Amino acid sequence: MDQASQLRNIIKMNQERPRPLARVITVTSGKGGVGKSNTSINLALQLKKLGQRVVILDADFGLANIEIMFGAVPQFNLSDLIYKGKDITEIITWGPGGIGFISGGSGIAGLSNLNREYLTYIIQNLAKLDSIADVIIVDTGAGISDAVLEFLVASSEVLLVTTPEPTSITDSYSLLKALSRHPRFSNEMTKVMMIANKMEKIEEGQILYQKLNTVVTRYLKMEISYLGTVPQDVQLEKAVMQQMPVSLQNENAKSAKAYERIATKLMHPGEDTPAIKKRGMAAFFAHFIGTTQQ
């Protein structure tokens, strides 16, 4: 039995167990500085308020945006699980608001080169997250690196954060173009949803989405949907300077209210929206390292 078959069997056994699978949501952007990590944290907090248990995986390698915003320094990261035998429960750091987060470290890039025994151990450990969290938010790096694209094709839900800056719109399109050309990307398996961030007016977010969606539909033959708009907000800027998520510091701020609406829409998308199949964390990472479920 080859390595891919072994991993598929592990995933199948995990999914056949009488327990729920976590919902994995990947947050990304075409360029840095558009508020991607802020979006991840504030959506996590709003989902927590809606009764969800949430863990963030900080997969923005080389940067520590999540821990800086939470004001907490993790003792261990994912590399410690991969190379030092730590259990998944040992590498979760619990931040404000009861949100857990896992620092990716630099270990994920080498996952595809590990032997079967290591991969089996990692996949089984990651499957434990399904009993710890209802929602796992993966905060990727910005841009179109191979690592970012692998996270996106592995996810059933992708949130694309875009601002009205021309470079942000152009880079968002470039990211979607690279994603659409990835050999393992499937329009049916991965739902891409756009969040318009730093908008002067809420209604301008819908206009921005329509412009991007028009070119994406025409030239890339893929579909993206509109999830919501976060307005430009001085209260959010103050919260960032004080290393506090705005949803905790000022729950009545207009940006916090916007994140609340977006989180509510994620949990209650409406009758016309097809249901998202939860894959769980084991399937997510197996897909990430290049194996596919049959």
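Each reported figure results from applying straightforward, stated rules to the coordinates on display, with no laboratory input. These figures come from a predicted structure and were not determined experimentally. We place every Cβ from the backbone using ideal geometry, glycine too, and count neighbours over all the protein chains shown.
HN-Hα J couplings of the range 185-190 from phi, Karplus 6.51/-1.76/1.60, θ = phi - 60°, integer Hz, Gly and Pro as x?
These are the phi-based 3J(HN,Hα) values: 7, 10, 4, 6, 8, 10 Hz.
Quick check for me: using +1 on Lys/Arg Cβ and -1 on Asp/Glu Cβ, what's the dipole size of the range 119-208 about its Cα centre, in debye to the nearest 20?
So the dipole magnitude of the range 119-208 works out to roughly 240 debye.
What list of ³J(HN,Hα) couplings, whole Hz, do you get for the range 215-227 from phi and the Karplus terms 6.51, -1.76, 1.60, once you set θ to phi - 60° and write x for glycine and proline?
For the range 215-227, the Karplus-derived couplings read 6, 5, 5, 6, 9, 9, 6, 10, 10, 10, 10, 9, 9 Hz, x marking Gly and Pro.
What pairs in K36/K257; K84/K265; K31/K128 have C-alpha atoms more than 29 Å from each other?
From K36/K257; K84/K265; K31/K128, over 29 Å: K84/K265; K31/K128.
Return the sequence-ordered ³J(HN,Hα) values of the range 167-173 in whole Hz as given by the Karplus equation 6.51 cos²θ - 1.76 cosθ + 1.60 applied to θ = phi - 60°, using x for Gly and Pro.
Those phi angles translate into 5, 5, 5, 4, 5, 4, 5 Hz.
Please work out the FRET efficiency for the pair V215 and E251, using the Cβ-Cβ distance as r and a Förster radius of 45 Å; give the result to the nearest 0.05.
It comes out at approximately 0.80.
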